[in-house]
1. Looking at ALA78, ALA45, which one is surrounded by 21 or more Cβ atoms within 10 Å (Cβ to Cβ) and in a helix (DSSP H, G or I)?
2. Could you list all residues from the range 301-343 that are outside any loop (DSSP other than H, G, I, E, B), open to solvent by 70 Å² or more (accessible area, probe 1.4 Å) and over 20 Å from GLU27 (Cα atoms)?
3. Considering each of ARG260, ARG229 in turn, give the residue that is outside the structural domain of LEU327 (by TED's automatic domain parsing) and without any contact (Cβ under 8 Å) to a residue 60 or more places away in the chain.
4. LEU139 passes all but one of (1) touching a helix residue (DSSP H, G or I) at 6+ places or on another chain (Cβ under 6 Å); (2) surrounded by 22 or more Cβ atoms within 10 Å (Cβ to Cβ); which number fails?
5. Checking GLN159 against (1) crowded, with 18+ Cβ neighbours inside 10 Å; (2) within 16 Å of ligand 1 (Cβ to nearest atom), which single condition isn't satisfied?
6. If the Cβ limit is 7 Å and pairs must be 6+ apart or interchain, which residue in the range 50-63 that is closer than 17 Å to HIS175 by Cα pairs with which residue that is within 12 Å of ligand 1 (Cβ to nearest atom)?
7. Which residue, of ALA262, ALA257, ALA270, is within 16 Å of ligand 2 (Cβ to nearest atom), aliphatic (A, V, I, L, M) and under 23 Å from MET190 (Cα atoms)?
8. Would you please list the contacts, defined by Cβ atoms under 7 Å and residues six or more apart or on different chains, that run from a residue in the range 277-306 that is without any contact (Cβ under 8 Å) to a residue 40 or more places away in the chain to a residue that is among the polar types (S, T, N, Q) and surrounded by 17 or more Cβ atoms within 10 Å (Cβ to Cβ)?
Amino acid sequence: MKAPRKFFEPLAIGAPAPLRELPVRLERMIHFIPPHVEKMRAKAAEIAAQVDVVLGNLEDAVPIDAKQAARDGFIAMAQATDFGATGLWARVNALNSPWIVDDLTRLVGEVGDKLDVLMIPKIEGDWDIHFVDQYLALLEARYGLKKPILIHAILETAQGVKNVGDIAASSPRLHGMSLGPADLAASRAMKTTRVGGGHPDYRVLADPSAAGGARIAAQQDPWHYTIARMVDACAANGIKAFYGPFGDFSDPEACEAQFRNAFLLGCAGAWTLHPSQIALAQKVFSPDPAEVGFAQKILAAMPDGSGAVMIDGKMQDDATWKQAKVLVDLARQVAAKDADMAKLYGLS
Ligand code: GLV
Ligand code: MG
């Protein structure tokens with residue numbers, strides 16, 4: 001393990017120092033754009049105005065013969081677009097792929113000063129983050145970058161889940177992590193063909209009743225365990241957890257339910273792969289005004305956050321005060337960006 005004093009030292013001569021605090025940014029949706037498709041690139045500024053993060057995807061879903069076009073397209077899009085306060089991320093190819101060296105070198109060299117975060121797929125352990133950390137530091141030094149580019153890991157292999165705690169603690173460059181349910185399902189040999197969400201056969205069946213009749217069955221969330229482990233690993237290390245993709249665009253209700261479970265368990269946002277999912281993510285990952293209202297009552301009733309009070313018949317103490325603060329702090333971030341939500345939260 002690296003000595004604590006060394007943790008914040010630059011990894012290359014001339015590279016910017018690692019950040020001690022991560023930027024506080026609202027990242028309710030990470031919206032995927034296929035940068036090899038010119039029509040989509042042309043809409044980048046329009047999309048940036050609607051989302052918290054725009055991500056150019058160079059990895060899976062980009063055909064092999066379009067990998068270079070996607071990289072070139074991302075660079076052109078980044079150079080041509082003013083993203084304003086919206087984050088600019090790229091998902092590069094896997095660390096064992098033939099594209100990663102050029103992905104990293106060209107993105108850092110040509111648009112490194114505009115890039116906030118690089119999403120790295122199929123992270124298996126802390127060694128993968130250490131490699132990217134060092135390589136980025138060398139590139140940042142070579143190209144004279146002033147601020148470090150952050151790393152976001154995709155948690156999408158069984159080995160990655162096994163090592164999630166080590167990954168989360170691996171580097172001050174780590175921004176957070178996303179669950180990748182499609183690759184993870186394959187890695188685990190789950191017998192499914194879906195991109196996230198539930199499965200009608202993954203359920204719990206009620207005991208038979210003496211009176212007979214149909215037994216109630218309820219679908220369970222196959223991602224609960226992984227999301228909970230990821231959230232604990234991230235929260236313990238001061239980084240953010242995200243739910244990844246939901247592939248059934250024809251089922252917005254199920255997408256909303258999956259996003260909401262992730263939100264309630266501690267995730268900051270989710271990926272949006274289709275424009276119809278942007279509004280869903282915005283709704284789910286902005287706290288409910290009624291909950292925020294109740295949280296504001298708790299904070300007002302316990303100004304120093306200690307003791308115990310009753311509000312609407314419910315006991316409040318230091319722990320509920322802290323929960324309330326999470327909600328109100330998030331509402332403040334949303335309100336700073338969205339005047340309509342600010343009114344609903346009473347924060348305008
Ligand atoms: C995302 O990359 C996934 O595999 O779900
Ligand atoms: Mg994947």
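The values are calculated or read from the model by the stated rules, or taken from the named source; none is laboratory data. No experiment lies behind these values; they were computed from the predicted model shown. Glycine gets a Cβ as well: all are built from the backbone with ideal geometry, and neighbour counts include every protein chain shown. The protein model used for the area step is the full one, side chains on, heavy atoms only, and it has no ligands, DNA or RNA in it. Shrake-Rupley method; radii C 1.70, N 1.55, O 1.52, S 1.80 Å.
1. Going through ALA78, ALA45 in turn, the sole match is ALA78.
2. MET310, LYS314, MET315, LYS322, LYS343
3. Sole residue among the options that is outside the structural domain of LEU327 (by TED's automatic domain parsing) and without any contact (Cβ under 8 Å) to a residue 60 or more places away in the chain: ARG260.
4. Of (1) touching a helix residue (DSSP H, G or I) at 6+ places or on another chain (Cβ under 6 Å); (2) surrounded by 22 or more Cβ atoms within 10 Å (Cβ to Cβ), only one is false for LEU139: (2).
5. The failed condition is (1).
6. Every condition considered, the pairs that remain are VAL53/ILE30; LEU55/ILE30; LEU55/PHE32; LEU55/ARG91; LEU55/MET119.
7. Within the list ALA262, ALA257, ALA270, the selection yields ALA270.
8. ILE298/GLN316; ILE298/THR320; ALA301/GLN316; MET302/GLN316
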